[in-house]
Structure formats: C-alpha cells, structure tokens
Amino acid sequence: MYELAVRGALIEDGSGQQPVEADFAVDGGRIAAIGTVGAARAEINADGLVAAPGFVDAHTHDDMELYSHPDNATKLRQGVTTVICGSCGFSAFPHVPGQRSPDFLSVDGRWRTYREYQQVVAGHGIGTNFAAFVGHNTVQSLLLGTDSTEPSAQALSLVRDDIRRAMDDGALGVSTGLIYRPGRHTSTAALTLIVGAVADYGGLHSTHMRDESDSLLEAIAEVASISQETGVALQISHLKVIGEQNWGSLGTALDQIDRFRAEGIDIGFDVYPYTAGSGPLATYFPPDDIDVARARLVQIIRCVDYPHFEGRRLPDIAREEGTSLSDLTRRLVTAPNAGETLCNIFEIHEDDMLEALSHPVAMVGSDGIPQQAGVPHPRLQGTFPRVLGYYTRDRAVLSQSAAIKKMTSVPAARYSLRDRGLLRPGFAADVVVFDPTTIADCGTYTSRADPNGIRHVLVNGQQALLDGELTGVRAGQILRRDS
C-alpha cells in the first residue's frame, strides 16, 4: 500500500511534453508510480487540477528567511518547493556571529561557515528545500571591508580560500553583484581569479552584472569573457534592459548571448515576470549624484527611517513634503538606516521582459526580498502564479507545458539538483497541484496578498500545503550540487 495517491490529475511532468491524465503514488519521499495506482493510506482528489514538479525558484534572497521564518510560507503558497539562495553576491555565509551584515540580507545568526549555517537551519527544519551560492561581496567584505577596492594578490588568495571552503561544504558556485560594493570596484582580472576558484568543483558563476542599461552588451561581454577564461558556466541573474531609451533592445542582448553559446560558452539566465525592478535605494542613488529622472520612477517599499513613506512614489512624497525630488532622495539615502531602505523602480518594458522569458534557456526566478513590514514587490509572493495565470492562461505568451518546464526541469538541470525537476518514478516527491482556471497572483505594488489557485504542495513526499492551507510540516532538505 502506498503512502499517498493523487488521483485524476493532469500531469505536467516538467519535460515540456504534452500532459497526460493519470494517478500517481508517493512512497518514501519519492514518486513511486504513475498511471493507475493501487490503494494508499491517504488520497488527494485532483480531478480538474494540474500536478507538476514543485517549482524551483531560480533566484531568491531567502537566506535569512529560512532562519527567521523557516516555513518559507511565501514560497510554499506559490508552489515553490526549492529555493536558490546566495544571489547577487550576497550570502548568509561566511559570517561573524554578533556582527549584522551591512547589506540588504541583514545576516545575523550563530554560524560562521556554510556548514554551520546548514546545521542551524536543519536544526529547526525548513519548509522548502534550498541550495546556495557563496557571495563574493560577502566574502570580500568580511575579509577586507565593504569599501575595499581592488584586492591584492594576497587578499585574492584569502577570498579564493573562503570560496573553496564553501564549495567543500556544498555550495553551487560563487555569485557576484557588480553594482554593489565591493564588487563594483573589483576588476575583470580579479573577478576571473575569484570565479576560477569554483572551476575544479564544476561550480557555476551567478552574476548581477555591472550594467543592465546603456552598457548592457558590454556587461554581458565582460562576464562571458570570465567564463571563457575559467571554463565556469555563467548564470545571468534577472536578465533585463532598463531605461526607456533602451526599450526594444533586449533582443540584441539575446542575440549576443546566443552567439556566445554557439562559441561554446555555457550561459543561462533567469527572469521575473514584472516591469519593476527592486533593491536598496542607496545602491541606485549615490548622494552626490542623484539621477532625478530615475527618481521619478521610484516607489519606497521598506523604510525604517520613514515608515509612512512605504508604498508611495517619490514624486508624491516630495510634493507633500514641500521639497525637491533630489533633496528628498538624498535625505533617504543618508538617513541612519538607509541601508535597509528598499524601493521599486518602474523602468522595464513588458515586451522586453517577455522576449527574455520566452527564450529557450530562460528560467523563472522571483528575486523577491523577504520583508515582514512595508509593501514588498509583488514578485515575492506572486511570481509563479503570475506566469501560469496571467502570461500562460490569460495571454498565451507561453504554453502551460513550456512555462512549467522553465520552473522545474530547466533550473533543476542547471543547478545539477539530482532527482528534482521532473514528476517521474524515482524522483523526489516535490509536487504542486494547482487549479489552472483560478491560478493567479493577487498582490499589487501597493498591497500584499497571497496568490490563488495553489491547492496542494508536497515537499519530499510530505504535505506542506493541503487544500490551500499550510500544514506546518517542514520537510525541506539541503541540496548540494551533483557534480
């Protein structure tokens, strides 16, 4: 007798092939059978519903969420069963206990190494599986300081040693954030040596590139050259082109990526399905050089210093405060807790985003920054239902099978997560069951809300979401790159 049988589902197995209607059974945390299955101790009636592999969020900042709110409810409610952490050059490790990190992750825990971090989160259990990159900015900041510039040969050796230590502990590779400090001050030559530290492990280089605007093509060429030199596969984070003057040019960037791929450089990328970016306000607006035109596009979503500004656009706040847009922005980025102020910037054209999302190697990543207060970017809670509801069902930008493939087998294969990403016998029983007629993201840029349509979620065979309600089960596992 099986532990669980799911009956009558339309099974999208994650391969991109046509779905089939069938039952499937779960036993011992794995998919045991598909077809007409026998008796089980528990059953789910999935008539009229779609069953798919649990979604893999290819790009998250859930590092501290797994520690502070280990159920990871915002992801489970979207059907996500695995999150990829350590993005954009920042990771929860290495860390000095008692020293809160000066970046948007605000790491503050009782671990030092990746191994210790894993032990801590495994100790209280986690709702989703996770795997992580080690962040170059985190490593170099701890060793040399946030304001460090080009590291010396000796310092580079120390940085590489810490990256290798994380790889020994199971990291996926190294991530870089080249608009943040100290990455923005690190040369291509130094980055090549840093990324090369993961080559012998078969690791990846995940990067938030130096520029996603006027110099996007140059930024892609830089990180591609690092891959060509080191042999390390490249994962471009949240591929997009920003700024109205650049709208319509994303296709040129995709052509460039395709040319590099044809030359043998292994390049992939992730995309989020929204037209606003998000991140720390101070990163985008240095106090001595406020870009007023860009500030007009900004919405504050978290602000410890001025919480009454949350959810509002800077131009509206400036008018109410009786001040100029530049003076208001400068006040925010020089406030005592400016490093924790997050914003949305509405500077992406939907056509460019959809062109990137439709590319064969594109995968889906939320890039959401968890926050308990304020109004988070809706991608935090709605990314996967938005793709399946708005862009698949309502607008037919993607077929359902193609969309699910981008959320499952493509990222699982990219990150070498063995036995994940497909709904097939022998694979881990990470499964989402959803209603294709109602699935939708419900949050907006001014109000947070859980999505509709996600009915059941299994994580390693255990029911983490049942009839739309969290069960409190924490069955997530720590996943390592299978090299």
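The values are calculated or read from the model by the stated rules, or taken from the named source; none is laboratory data. All values reported here derive from a predicted model rather than from experimental measurement. Glycine also receives a Cβ, built like all others from the backbone with ideal geometry; neighbour counts cover every protein chain displayed. To get the accessible areas, we keep the full protein, side chains included, count just its heavy atoms, and leave off ligands, DNA and RNA. Shrake-Rupley method; radii C 1.70, N 1.55, O 1.52, S 1.80 Å.
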Please find, among Asp47, Asp23, the residue that is of a type in the set (Asp, Glu), touching a residue at least 12 places away in the same chain (Cβ under 8 Å), part of a loop (DSSP other than H, G, I, E, B) and touching a Gly at 6+ places or on another chain (Cβ under 8 Å).
Asp47
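Every residue, every condition in (1) surrounded by 24 or more Cβ atoms within 10 Å (Cβ to Cβ); (2) within 22 Å of Asn137 (Cβ to Cβ); (3) in contact with a Leu (Cβ under 8 Å, 6 or more places away or on another chain), yes or no:
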| residue | (1), (2), (3) |
| --- | --- |
| Ala221 | no, yes, no |
| Ala224 | no, yes, yes |
| Ala233 | no, yes, yes |
| Ile236 | yes, yes, no |
| Val241 | yes, no, yes |
| Asp255 | no, no, no |
| Pro280 | no, yes, yes |
| Thr283 | no, yes, no |
| Tyr306 | no, no, yes |
Could you count how many residues in region 459-473 are buried (at least 18 other Cβ atoms within 10 Å of the Cβ) and within 20 Å of Ser366 (Cβ to Cβ)?
3
Just to be sure, is Leu144 surrounded by fewer than 24 Cβ atoms within 10 Å (Cβ to Cβ), in contact with a Pro (Cβ under 7 Å, 6 or more places away or on another chain) and not aromatic (Phe, Trp, Tyr)?
yes
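Scan Arg302, Arg296, Arg313, Arg259 and give me the residue that is free of Cβ contacts under 8 Å to residues at least 40 places away in the same chain and farther than 26 Å from Leu216 by Cα. It would help to see each step written out before you state the result.
On the way: Arg302 fails: free of Cβ contacts under 8 Å to residues at least 40 places away in the same chain; Arg296 fails: farther than 26 Å from Leu216 by Cα; Arg259 fails: farther than 26 Å from Leu216 by Cα.
Every option except Arg313 fails the conditions.
Return yes when Ser225 is polar (S, T, N, Q) and in contact (Cβ under 8 Å) with a residue 60 or more places away in the chain and no when it is not.
Working: polar (S, T, N, Q): yes; in contact (Cβ under 8 Å) with a residue 60 or more places away in the chain: no.
It is false that Ser225 is polar (S, T, N, Q) and in contact (Cβ under 8 Å) with a residue 60 or more places away in the chain.
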Of the residues that make up region 127-140, is at least one surrounded by fewer than 21 Cβ atoms within 10 Å (Cβ to Cβ) and more than 17 Å from Val459 (Cα to Cα)?
no
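Residues to consider are Leu105, Leu66; find the one that is open to solvent by less than 20 Å² (accessible area, probe 1.4 Å), assigned to a helix (DSSP H, G or I) and among the aliphatic types (A, V, I, L, M). Reasoning before the result, please.
Details: Leu105 fails: assigned to a helix (DSSP H, G or I).
It is Leu66.
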Looking only at region 354-369, and only at residues there that are under 21 Å from Leu66 (Cβ atoms) and β-branched (Val, Ile, Thr), the one that is surrounded by the fewest Cβ atoms within 10 Å (Cβ to Cβ)
Ile369
Does Ile369 satisfy being in contact (Cβ under 8 Å) with a residue 12 or more places away in the chain and closer than 26 Å to Gln462 by Cβ?
no
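Kindly indicate whether Val26 is in contact with a Leu (Cβ under 6 Å, 6 or more places away or on another chain), over 30 Å from Ser358 (Cβ atoms) and either β-branched (Val, Ile, Thr) or open to solvent by less than 10 Å² (accessible area, probe 1.4 Å) (or both).
Criteria met by Val26.
So which of Thr188, Thr176, Thr207, Thr192 is among the hydroxyl-bearing types (Ser, Thr, Tyr), touching a helix residue (DSSP H, G or I) at 6+ places or on another chain (Cβ under 8 Å) and surrounded by fewer than 16 Cβ atoms within 10 Å (Cβ to Cβ)? Before the answer, list the steps.
Values: Thr176 fails: surrounded by fewer than 16 Cβ atoms within 10 Å (Cβ to Cβ); Thr207 fails: surrounded by fewer than 16 Cβ atoms within 10 Å (Cβ to Cβ); Thr192 fails: surrounded by fewer than 16 Cβ atoms within 10 Å (Cβ to Cβ).
That would be Thr188, the only listed residue that is among the hydroxyl-bearing types (Ser, Thr, Tyr), touching a helix residue (DSSP H, G or I) at 6+ places or on another chain (Cβ under 8 Å) and surrounded by fewer than 16 Cβ atoms within 10 Å (Cβ to Cβ).
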Per the filter on region 308-340, residues at pLDDT 95 or above, acidic (Asp, Glu) and surrounded by 16 or more Cβ atoms within 10 Å (Cβ to Cβ) are Glu310
